[in-house]
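Below is one structure, written out as structure tokens, with a few remarks after it.
The values are calculated or read from the model by the stated rules, or taken from the named source; none is laboratory data. Computed from a predicted model, the values in this text were never measured in an experiment. Cβ coordinates were reconstructed from backbone atoms using ideal geometry, including for glycine residues, and neighbour counts include every protein chain displayed.
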Amino acid sequence: MTAEQSATPDEAGQGASLAIDLNLETYSLTIPGPDGTIWLKVLLGKIHCVDQVIWYNSFDGPDLTWTCSENDCSDCIEDPLFCHSHTLTVSYEQAVSDLPPVAGCKYGDAVKLVSVSRDIIMTREIVIIGKQEDDCTKMNSTWSKVVTVPVLPVIHGTTLTLNCDTDYTNNGGNTATCLYGQVVSTNQDPYCREMRRKLVGETTPSSVEHSCTVDRDETKNGPENAVDLNYVSRSYTGPDSDGTSWFQATLDKVHCVDFVIIFDTEEFARTWRCSEKDCSVCGGDKCNDYTLTVSIQGQILSDLPLVSDCVNGNTVKLEKTNIGQFYLFEIAIIVKIGVTF
Ligand SMILES: [Ca+2]
């Protein structure tokens with residue numbers, strides 16, 4: 001830690017270093033510099049998160065105390081008159097990449113005291129309190145079902161990968177840092193969402209496709225997002241060259257399809273129930289916007305036994321009845337249990 005000031009009448013007897021020598025007998029005396037400003041600056045040597053700055057002008061101080069938020073250190077107490085005649089800032093001398101904010105302290109490597117209405121600054125001591133570089137022992141309390149790699153506790157400065165508990169998927173940020181005892185996200189907060197539970201009789205398609213991935217963004221809008229058991233991810237498809245928009249699931253083999261549920265969200269779904277003829281009986285939201293067909297594709301099978309209330313097929317196709325794009329958050333295909341071909 002070193003100190004500088006705008007100017008002093010006596011470098012040896014009243015230099016800036018005397019403001020940080022832990023001795024109240026000695027003091028620095030700051031007078032206007034060449035540009036007329038009056039300032040005392042303490043260089044910390046590395047980035048700290050500054051919690052408080054305490055200034056001793058007299059033996060029976062502290063005379064002023066500034067308390068920092070994550071934005072500034074303008075909260076000044078002790079002597080209101082003195083507070084108004086000085087400003088205190090914490091800033092960076094060295095270039096630094098964005099640090100995630102920590103509550104109740106201001107990052108910086110330089111602390112600058114400026115006199116705004118007095119001719120001199122006399123400093124017996126200036127004390128800079130940095131936030132304690134504690135280990136991180138517990139998760140950020142606003143995060144639910146998040147687990148870290150490495151597991152907590154970790155020391156200050158550790159970079160963490162954020163995952164979710166079993167049966168949950170992370171739809172938010174996936175990195176964090178242990179800063180001053182807090183786990184702080186470095187991009188965005190994680191968001192662990194419980195995965196959709198498979199229903200009794202639900203069969204997982206062996207492949208899925210749709211007419212045209214919007215923006216050609218397979219990660220964000222691809223058809224696999226409709227069968228990943230995640231209510232947040234979704235497929236998003238537009239019309240193909242024929243002008244129709246559709247989503248198709250191919251099953252591992254021919255099943256007798258009982259019903260199909262389309263989830264727009266966890267709460268909003270529509271269900272197509274099958275008779276032995278078709279799966280046209282729809283209940284729920286926006287039924288008129290879609291048709292659902294179950295068919296046998298790619299193989300000729302004759303004499304399949306007819307089972308009541310289900311349709312034999314290895315392909316489930318959802319088509320939009322009018323032109324346009326559509327989302328599909330999840331599709332669940334439920335087949336008759338115990339019916340095999
Ligand atoms: Ca999904």
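Observations
- Among residues of segment 206-224, those that are more than 21 Å from the chain's Cα centre (by Cα), more than 12 Å from the ligand (Cβ to nearest atom) and either assigned to a helix (DSSP H, G or I) or not assigned by TED's automatic domain parsing to the domain that holds Ile261 (or both), counted: 4
- Residue pairs whose Cβ atoms lie under 6 Å apart, sitting 6 or more positions apart in sequence or on different chains, and linking a residue in segment 225-248 that is under 14 Å from Asp264 (Cα atoms) and outside the structural domain of Phe263 (by TED's automatic domain parsing) to a partner that is among the polar types (S, T, N, Q) and within 16 Å of the ligand (Cβ to nearest atom), do not occur here.
- Count - residues of segment 9-29 that are among the aromatic types (Phe, Trp, Tyr) and either assigned to a strand (DSSP E or B) or closer than 30 Å to Pro101 by Cα (or both): 0
- Residues in segment 285-315 that are under 23 Å from Pro223 (Cβ atoms), of a type outside the set (S, T, N, Q) and either within 16 Å of the ligand (Cβ to nearest atom) or at pLDDT below 90 (or both): Asp285, Lys286, Gly298.
- Filter result (assigned to a strand (DSSP E or B) and more than 33 Å from the chain's Cα centre (by Cα)) within segment 90-118: Lys112, Leu113, Val114, Ser115
- Hey, Asn171 within 15 Å of the ligand (Cβ to nearest atom), buried (at least 20 other Cβ atoms within 10 Å of the Cβ) and farther than 20 Å from Cys279 by Cβ or not: no
- Across segment 30-89, the number of residues qualifying as under 20 Å from Ile120 (Cα atoms) and outside any strand (DSSP E or B) comes to 21.
- Within segment 235-248, considering residues that are at pLDDT below 95 and of a type outside the set (S, T, N, Q), the one nearest to the ligand (Cβ to nearest atom): Asp240
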